[in-house]
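Any read-out appearing in this document is the output of simple, stated calculations on the displayed coordinates, not a laboratory observation. None of these values were measured; they are calculated from a predicted model. Here the Cβ is made from the backbone with ideal geometry for all residues, glycine too, and neighbour counts use every protein chain on show.
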Amino acid sequence: MSIPLTADASLHPLVLPARADAADAAEFRELARVRNAVYRELTGRTEQDLTPEALLPILRSRKERTTAVWTVRVDGEMVGRTVIDIPHEEGSRVAIAAIELHPRVWGRGIGTAILPHVEAFARLHDRTVIQNWTEQPASEGPRLEARTGFGSVPDDHVARFLIRHGFSLEQVYRVSRLEVNAETVRRAEELRDDARASSQDYRVIRWMLPTPAEHVEGYAWLKSRMSTDAPSADLETDEEVWDAERLIESERRVAEMGQIIQVTVAQHVATGELAAFTELRIGPDLRATTHQHDTLVLKEHRGHRLGQLVKCDALLSWTGVAPESRDVITYNAEENRPMLSINEAMGFTAIAYEGAWKKELS
């Protein structure tokens with residue numbers, strides 16, 4: 001059933017198809033196309049494009065969260081989407097929501113009309129906080145500082161919309177790009193060798209998903225610690241519980257999406273504990289942009305240059321996995337100076353910024 005928003009705009013709940021190529025998947029495939037068009041318009045880049053086959057596993061509800069999806073139409077034409085995730089972590093107060101509209105329909109009151117439906121859905125699930133991550137178009141105009149005191153985003157249409165509706169900018173993520181060439185490879189070799197001198201009690205282990213059975217428990221623990229050890233400012237951060245079942249299911253989704261992930265870890269030799277990790281990910285096209293996803297050094301193992309060790313070792317080995325992928329994109333909180341320093345030493349440069357926003361519901 002459609003929900004009227006404005007005189008010419010409406011909101012439509014989307015039932016996901018069983019498969020992206022199913023007979024009833026036309027609307028979902030259109031959603032994937034519009035999603036990509038919106039991201040391209042906002043960022044000026046294409047590395048966030050997803051095929052319908054890759055997008056579908058992301059939007060399905062799963063054991064650890066409920067996901068709801070709506071399409072937005074103007075005069076019958078799909079111009080955007082709304083997605084809400086309800087985490088199932090014990091005690092969670094959070095709904096994670098996104099309203100994504102093509103810029104050509106901005107300024108017509110559509111987002112403002114959608115927001116009460118987002119808030120109603122959050123309240124229906126007993127949530128009192130809405131959080132949102134939005135990458136904004138580059139701008140030379142005024143900037144808005146994060147409450148952390150680290151980083152800023154353009155004080156533009158997106159920021160004004162969120163502030164007008166009660167959101168506060170809690171954190172800023174730096175989007176960084178590394179061009180993979182002979183110079184950056186040489187630099188990574190030097191940095192890796194330098195890190196080895198400070199990490200002689202550790203060894204590097206790598207694998208391609210699926211994770212070998214002997215590392216499932218340790219890797220799941222590292223994934224759990226991402227929610228507690230990474231900088232999160234004053235955002236509501238649920239402590240995620242990762243076990244073998246959750247890890248194996250997440251890796252099944254990666255395979256369904258047609259993507260590959262290389263995991264690089266530092267293992268403490270004396271105890272066998274996995275102490276640090278980083279992930280490199282790419283889709284079926286091995287010439288496309290590589291994404292560096294989760295990267296973490298456990299608090300109790302910091303001070304041994306393990307972040308530098310695993311990031312550089314991962315990049316060097318990745319040149320044999322996807323030699324035609326000529327750039328790597330990564331996201332880091334602006335207050336995460338240790339990780340940003342590693343990136344800068346490797347040759348990553350900032351190309352954009354993403355705001356993390358929060359609204360307390362009354």
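Treating only the Cβ atoms of Lys and Arg (+1) and Asp and Glu (-1) as charged, compute the dipole magnitude of the stretch 178-351 about its Cα centre; round to the nearest 20 debye. Could the numbers behind the result be given before it?
Values: 19 positive and 31 negative charges, 118 e Å.
Dipole about the Cα centre, nearest 20: 560 debye.
When you take every Cα atom in the stretch 224-306, what is the radius of gyration, and what is Dmax, the widest Cα pair distance, in Å?
Answer for the stretch 224-306, Rg first and Dmax second: 14.6, 40 Å.
What residues have an amide H closer than 5 Å to that of Glu273, excluding those fewer than 5 places away on the same chain, when H is modeled at 1.01 Å from N in the peptide plane?
Residues meeting the amide H criterion: His268.
Order these by the 10 Å Cβ neighbour count, fewest first: Ile205, Ile351.
On the way: Ile205 18, Ile351 15.
Exposure proxy ranking, most exposed first: Ile351, Ile205.
Run through all the Cα pairs of the stretch 250-362 and give the fraction in each 10 Å bin from 0, expressed as whole percent.
Pair shares across the bins are 12, 39, 34, 12, 2, 0.
Evaluated at 25 °C with a viscosity of 0.890 mPa s, what Stokes-Einstein diffusion coefficient in µm²/s does the chain have when Rh comes from the Kirkwood expression over alpha-carbon pairs?
It comes out at roughly 113 µm²/s.
Would you mind ranking Val118, Val216 so that the residue whose beta carbon has the fewest other beta carbons within 10 Å leads the list? If you can, show how the numbers build up before the last one.
Details: Val118 24, Val216 18.
Fewest-to-most Cβ neighbours within 10 Å comes out as Val216, Val118.
With r defined as the distance between the Cβ atoms of Asp24 and Thr66 and R0 fixed at 22 Å, what FRET efficiency is calculated, to the nearest 0.05?
Values: r = 21 Å, r/R0 = 0.97.
Between Asp24 and Thr66 the formula returns 0.55.
In Å, what Rg and Dmax follow from the Cα atoms of the stretch 178-351?
Gyration radius and largest Cα-Cα distance of the stretch 178-351: 15.5, 42 Å.
Between Asp193 and Asp75, what FRET efficiency follows from the Cβ-Cβ distance if R0 is 41 Å, with the result rounded to 0.05? Write down the numbers at each step before the final one.
Values: r = 61 Å, r/R0 = 1.48.
Between Asp193 and Asp75 the formula returns 0.10.
Quick check: the distance between the Cα centres of the stretch 1-24 and the stretch 281-340, to the nearest angstrom?
37 Å
Quick one: 3J(HN,Hα) in Hz for the stretch 9-19, Karplus 6.51/-1.76/1.60 with θ = phi - 60°, rounded, Gly and Pro as x.
10, 8, 10, 10, x, 10, 8, 6, x, 5, 9
Name the residues whose placed amide hydrogens come within less than 5 Å of the amide hydrogen of Asp294, ignoring near sequence neighbours (fewer than 5 apart) on the same chain.
Glu279
For the stretch 115-123, take each phi angle, set θ = phi - 60°, evaluate the Karplus expression 6.51 cos²θ - 1.76 cosθ + 1.60, and give the result in whole Hz per residue in order, putting x for glycine and proline.
Rounded to whole hertz, the list is 4, x, 6, 5, 5, 5, 5, 4, 5.
So, with +1 on the Cβ of K and R and -1 on the Cβ of D and E, and no other charges, what is the size of the charge dipole of the chain about its Cα centre, to the nearest 20 debye? Before the final figure, lay out each step's value.
Values: 44 positive and 57 negative charges, 76 e Å.
That gives the chain a dipole magnitude of about 360 debye.
Given the -39500 (n - 2.57) contribution per DSSP H run of 4+ residues, what per-residue ellipticity at 222 nm results for the chain, rounded to the nearest 500 deg cm²/dmol? Please list the in-between numbers first.
Details: 9 runs with 119 residues, N = 362.
Result for the chain: -10500 deg cm²/dmol, rounded to the nearest 500.
Determine ³J(HN,Hα), in whole Hz, for all residues of the stretch 189-201 in sequence, where each value follows from phi through the Karplus function 6.51 cos²θ - 1.76 cosθ + 1.60 and θ = phi - 60°; x replaces Gly and Pro.
Per residue, the Karplus-derived 3J(HN,Hα) values read 5, 5, 5, 4, 5, 5, 5, 4, 5, 9, 9, 5, 8 Hz.
Long-range amide H contacts for Ser61: which residues qualify at under 5 Å (H placed 1.01 Å from N, peptide plane, sequence gap of 5 or more or a different chain)?
Thr67
With the Cα gyration tensor of the stretch 27-124 giving a ≥ b ≥ c as the square roots of its eigenvalues, does the rule (a/c under 1.5 for rounded; else a/b larger than b/c for prolate; else oblate) give rounded, prolate or oblate? Walk me through the numbers on the way to the answer.
Working: a/c = 1.98, a/b = 1.28, b/c = 1.55.
Oblate, since a/c reaches 1.5 and b/c is not below a/b.
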